[in-house]
Every structure is written in structure tokens, then in C-alpha cells.
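**Q** Sharing a structure here in C-alpha cells format.
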Amino acid sequence: GAARVRWAASMPVAEHLVPGWLAALRRQGDAPRVVLTATNSTAVAELVRSGAVDLGLVEGPDPLADLQQVVVGRDELVLVVAPEHPWARRRGPVEAAVLARTPLVTREVGSGTRTALEQALGGPGPAPVLEVSTATAVRESVRAGWGPAVLSRLAVAGYLRERRLVEVAVRGVDLGRRLRAIWVGGAMPPPGPARDLVALAGAARLP
């Protein structure tokens with residue numbers, strides 16, 4: 001039967017990229033039986049270190065110098081608000097310094113999205129107005145009027161197209177980030193489906 005592999009991925013990658021990558025592997029005739037754990041970037045790295053999974057996929061900015069890694073894609077963080085929020089009607093961007101002082105709806109500590117934003121803005125901002133453990137809960141909390149949030153573009157693209165959320169430009173900070181595959185061992189990912197996935201994702205990488 002098909003090889004059974006254990007992978008872990010941070011939430012945006014697990015929800016928005018891995019399904020397409022696995023479908024592409026299947027079309028190539030490589031159809032592994034994947035047990036995928038979706039969690040935050042910190043937990044993904046721990047699962048890789050412990051040997052619980054063969055491959056991790058993360059979007060957090062932590063160097064993870066003890067792990068082998070390769071960039072497999074690009075993403076950016078975007079500031080979003082409900083259509084009724086005053087920022088939805090702004091003509092100009094929000095300054096990074098203003099964003100850094102604004103209580104946000106956020107993911108939990110350990111989330112790659114939250115860590116990346118804090119590093120980009122120079123440190124943790126004020127206490128979150130609401131802290132939840134999934135991007136879906138963040139999106140719905142923003143829609144319900146709790147306040148702004150900064151999320152992966154992967155996680156909000158559909159909401160922006162449907163005008164359920166509004167993107168607000170931010171000036172004075174780079175919110176781009178790299179998506180990485182991480183593993184323990186040699187310079188190449190483990191042979192088999194993990195290596196095939198990394199090659200496929202890298203070939204399809206966003207510019």
C-alpha cells in the first residue's frame with residue numbers, strides 16, 4: 001500500500017497549501033497516506049525535534065538553527081478589519097507605530113503569525129483585545145466587531161474577495177515572510193514523500 005508518513009504544519013500552511021500539494025503528488029502517482037498535525041509553528045518545531053513527525057512546515061520567523069530547513073514559499077501578513085470599522089474607510093495606510101499601539105485580535109503565544117508580527121513591530125504590543133487559537137476564530141471575531149487583526153494573506157483571501165473583511169495598508173514595516181520546510185538529519189529532506197513534497201512546493205513557490 002501507500003507509504004504512511006507523519007507531517008506537521010502550522011495552521012495557514014496546513015489549511016491553505018498542503019491540500020493542494022498533496023493533490024499534486026497524487027496526480028504524479030505518489031499518493032502517501034499522510035497523518036497531518038495542524039498546530040502553531042513552535043509546536044511544529046518541537047514535533048520535528050522529538051521525531052514524532054518526519055517533516056514540518058512553518059511560517060514563523062524563529063531561526064530554528066538546530067533544524068535543517070529550506071524555503072518552500074512566501075506569504076505576507078495583512079491587517080484586516082470589519083467593513084464597519086473606521087479603518088475600513090481610511091484613505092491612507094496605518095502607520096506601523098500606530099498598529100504597534102493598537103490592541104488586536106490575535107492567535108495564541110507560539111503562533112508563527114503572532115511571533116512574526118511582534119518581531120516586525122519591534123516587540124509585543126498592548127495586551128490583545130481577544131486571544132484565540134485558530135485563524136477562523138480570529139476572522140470571525142474581527143467580523144463580529146472585536147477589533148483589527150493581522151493574519152496570513154492565505155487565511156483571509158476569500159474573506160477579502162467577498163468583502164466580509166477589508167484590508168488596510170500598513171506603512172513603515174515589512175510584513176512579508178518565508179514559508180519553510182524543516183526536518184532533522186541530512187541536508188536533504190527524508191527520502192520519499194517528504195522530499196517529493198518539498199521539491200513540488202519549491203517548484204510552485206510564490207515569487
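The values are calculated or read from the model by the stated rules, or taken from the named source; none is laboratory data. Keep in mind that this is a model prediction, so the values were computed, not measured. Here the Cβ positions follow ideal geometry from the backbone for every residue, glycine too, while neighbour counts run over all protein chains shown.
**Q** Select from the stretch 162-179 the residues that are modelled with pLDDT of 95 or more, touching a strand residue (DSSP E or B) at 6+ places or on another chain (Cβ under 7 Å) and among the charged types (D, E, K, R) and list them in ascending order.
**A** Across the stretch 162-179, the qualifying residues are 167, 171.
**Q** Look through 44, 78, 72 and report the one residue that is under 17 Å from the mean Cα position of the chain (by Cα), buried (at least 19 other Cβ atoms within 10 Å of the Cβ), in contact (Cβ under 8 Å) with a residue 24 or more places away in the chain and more than 30 Å from residue 184 (Cα to Cα).
**A** Matching residue, one of 44, 78, 72: 78.
**Q** Can you name the number of the only condition in (1) modelled with pLDDT of 95 or more; (2) surrounded by 21 or more Cβ atoms within 10 Å (Cβ to Cβ) that residue 131 fails?
**A** (2)
Quick grid of which residues meet (1) touching a helix residue (DSSP H, G or I) at 6+ places or on another chain (Cβ under 9 Å); (2) among the small types (Gly, Ala, Ser):
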position	(1), (2)
120	yes, yes
132	yes, no
139	yes, no
185	no, yes
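Residues are listed down the side, and each one gets a yes or a no for (1) more than 18 Å from residue 12 (Cβ to Cβ); (2) at pLDDT below 95; (3) touching a His at 6+ places or on another chain (Cβ under 9 Å); (4) in the same structural domain as residue 16 (by TED's automatic domain parsing):
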site	(1), (2), (3), (4)
91	yes, yes, no, no
102	yes, no, no, no
109	no, yes, no, no
123	yes, yes, no, no
160	no, no, no, no
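**Q** Go through the stretch 86-141 and report how many residues are in a helix (DSSP H, G or I) and among the acidic types (Asp, Glu). Spell out the reasoning first.
**A** To start, the set of residues in the stretch 86-141 that are in a helix (DSSP H, G or I) comprises 86-89, 96-100, 112-120, 135-141.
Applying the additional criterion that residues be among the acidic types (Asp, Glu) yields 118, 140.
The total comes to 2.
**Q** May I ask you to verify whether residue 164 is of a type in the set (Lys, Arg) and not in a loop (DSSP other than H, G, I, E, B)?
**A** Values: of a type in the set (Lys, Arg): yes; not in a loop (DSSP other than H, G, I, E, B): no.
Here the answer is no, as residue 164 does not meet what is asked.
**Q** Scan the stretch 99-118 for residues that are over 19 Å from residue 143 (Cβ atoms), in contact with a Gly (Cβ under 9 Å, 6 or more places away or on another chain) and not charged (D, E, K, R) and jot them down.
**A** 99, 100, 110, 111, 112, 115, 116, 117
**Q** Do we find that residue 61 is out of contact with any Phe, Trp or Tyr (no Cβ under 7 Å at 6 or more places or on another chain), of a type outside the set (D, E, K, R) and modelled with pLDDT under 95 in this structure?
**A** When the stated conditions are applied, residue 61 passes them.
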